[in-house]
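Read the structure below first, then the notes.
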Amino acid sequence: MSYTSPMKILEATALSHKFEYPLFSDIDLSIEPGETVAIIGESGCGKSTLLHTLSTLLKPNSGEVKLLEKDIYSLKDRDLVAMRRDELGLIFQSHYLFKGFSAYENLEVASLLASEPVDDRLIGRLGLNDVINMKVTQLSGGQQQRISIARVLTKKPRIIFADEPTGNLDNNTSLEVMNIFEEYVKEHEAVLVLVTHNEEFAHRCDKVYRLHERILKQVK
Ligand SMILES: Nc1ncnc2c1ncn2[C@@H]1O[C@H](COP(=O)(O)OP(=O)(O)OP(=O)(O)O)[C@@H](O)[C@H]1O
Ligand SMILES: [Mg+2]
């Protein structure tokens, strides 16, 4: 019998980036299917920037990022767009919801693009039943954040990048969001890369890394 190692979902090698000053240098990170990974570190240390470089949004000054074994910064634009649409779920501090649409219509767009059904149970679990037909602009920040989470999960992505996804949420709702992420990742052999200031949520992840003085160090 031959053993084939599982597909590497995310492999970053020797990543470095600076803006006015260097944020991180020579970072390696590798994530296997079914893993949840948290990145912690003090405000301004470069966590969001690192997440952007891992998730196709920002080409690092140097280094390589492979998602699903493809080198994302040498893909053709068309292939990069397809990867973002089909494989990646981005949940970032500024949510990209369609403002003129209702919350439900935002989920329908994701559902149509991905040919996946809208999951009504997920809407209930996220406590969105009462607001699901309201316009996005009429929703609170936390409600918009939950709609972005539902929209991303509707696509059934293989890799979820989430930057402070529970930043605007109360404790119970945050706990439910973490439960939903964990179940989703295990069920779909997906991965979650979570940036958070919440140490308790970070430690629920399989692995925890701290970004400090330009170095990414595994602490769990
Ligand atoms: N597009 C940009 N141009 C110039 N500087 C930037 C840019 N994006 C971020 N920075 C700077 O890089 C540093 C790190 O920012 P980043 O958003 O990655 O930090 P963070 O660790 O996510 O912080 P927080 O926990 O507060 O969200 C900051 O000093 C920020 O001003
Ligand atoms: Mg940030």
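The values are calculated or read from the model by the stated rules, or taken from the named source; none is laboratory data. Keep in mind the model is a prediction, meaning the values are calculated, not measured. Note that each Cβ is placed from the backbone with ideal geometry, even for glycine, and that neighbours are counted across all protein chains shown.
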Within the range 68-89, restricting attention to residues that are closer than 22 Å to Glu116 by Cα and of a type outside the set (D, E, K, R), which residue is surrounded by the most Cβ atoms within 10 Å (Cβ to Cβ)?
Gly89
Based on this model, can you work out whether Leu139 counts as under 16 Å from Ile91 (Cβ atoms) and either among the polar types (S, T, N, Q) or under 21 Å from the mean Cα position of the chain (by Cα) (or both)?
no
So Arg151, is it in contact with a Lys or Arg (Cβ under 8 Å, 6 or more places away or on another chain) and either in a helix (DSSP H, G or I) or in contact (Cβ under 8 Å) with a residue 60 or more places away in the chain (or both):
no
Any chance the range 23-35 includes a residue that's of a type in the set (D, E, K, R), more than 16 Å from ligand 2 (Cβ to nearest atom), assigned to a loop (DSSP other than H, G, I, E, B) and touching a Leu at 6+ places or on another chain (Cβ under 7 Å)?
no
Residue selected from the range 71-114 under the condition at pLDDT 95 or above and part of a loop (DSSP other than H, G, I, E, B), by the criterion farthest from Glu182 (Cα to Cα):
Lys76
